[in-house]
1. Can you pull out the residues in the stretch 27-50 that are surrounded by 13 or more Cβ atoms within 10 Å (Cβ to Cβ), within 26 Å of Arg134 (Cβ to Cβ) and of a type in the set (Ser, Thr, Tyr)?
2. If I filter the stretch 83-139 down to residues being among the β-branched types (Val, Ile, Thr), part of a helix (DSSP H, G or I) and modelled with pLDDT of 85 or more, which single residue comes out as nearest to Ser13 (Cα to Cα)?
3. Being in contact with a Cys (Cβ under 7 Å, 6 or more places away or on another chain), hydrophobic (A, V, I, L, M, F, W, C) and not in a strand (DSSP E or B) is the filter here; which residues of the stretch 16-74 pass it?
4. When both residues are 6+ apart or on different chains and their Cβ atoms are under 6 Å apart, which pairs have a first residue that lies in the stretch 29-45 and is at pLDDT 95 or above, and a second that is in a helix (DSSP H, G or I)?
5. Quick one: how many residues across the stretch 127-139 are under 18 Å from Leu56 (Cβ atoms) and either surrounded by 18 or more Cβ atoms within 10 Å (Cβ to Cβ) or among the hydroxyl-bearing types (Ser, Thr, Tyr) (or both)?
6. Could you tell me which numbered condition Asp24 fails, if it satisfies all but one of (1) surrounded by fewer than 15 Cβ atoms within 10 Å (Cβ to Cβ); (2) modelled with pLDDT of 95 or more?
7. Of Ser78, Ser54, Ser59, which residue is in contact with a helix residue (DSSP H, G or I) (Cβ under 9 Å, 6 or more places away or on another chain), modelled with pLDDT under 95 and within 21 Å of Glu2 (Cβ to Cβ)?
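The values are calculated or read from the model by the stated rules, or taken from the named source; none is laboratory data. Here the structure is a predicted model, which means the values were calculated and not measured. Cβ: placed from backbone, ideal geometry, glycine included. Neighbour counts: every protein chain shown.
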Amino acid sequence: MEMKSTPLPGSPSTVILNLNGELDASNYLDVIEQVRRLYDSGARHLVMDLSDLSFLSSSGLVSLHSAALIMRGEEPPSPDLGWSAFHAIASDVEQGFETCCKLVNPQGRVRKTLEMTGFNTFLEIFDDTDAAVRSFSAA
C-alpha cells in the first residue's frame, strides 16, 4: 500500500492522506504511525482519501479507528490487545460521528465494509475532498 499526505494550502492543521492499494494486517501499523507523525507535526484535522483503496480488512478498520483517536489527541488501544481494540471501536461507533477525521470516496467493497461494520456512523463519508474539508468548519 502507498500513502501520500498533503497539508491543505492555507490550513496546515488540515491534512489529506491518500491511501492506495490494500489496507490489511501487513501495513495497518504503518498507517497508524503516519497519522501519529502528522499529529505530532501539528495536524488536527485529517481527511483520508480512500478513492484508490481496493481492500479494507479488520486490521484496516483498527487503523482508521486509531487515526481518529490520534487526531482527537487520544492514545488508541494497543493493537497487541486484540479484541479490546474492537470493543473500543464498537463503543465509539455507538457515540456518533467523529469530528477530527473524515473519509472520502471509498469504492466498492471498501464502502461495503465500512457500512457493514457501522463505520459510516462513526467516520463521516464524503464524495469529494472539498466537502470533507468544509465539514470541519461546520462542526
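1. The one that is surrounded by 13 or more Cβ atoms within 10 Å (Cβ to Cβ), within 26 Å of Arg134 (Cβ to Cβ) and of a type in the set (Ser, Thr, Tyr): Tyr39.
2. The selected residue is Val133.
3. Residues satisfying the conditions are Ala67, Ala68, Met71.
4. So the pair list comes out as Val31/Ser63; Ile32/Ser63; Ile32/Ser66; Val35/Ala67; Val35/Ile70; Arg36/Ile70; Tyr39/Ile70; His45/Phe136.
5. Total meeting the criteria: 1.
6. (1)
7. Ser59
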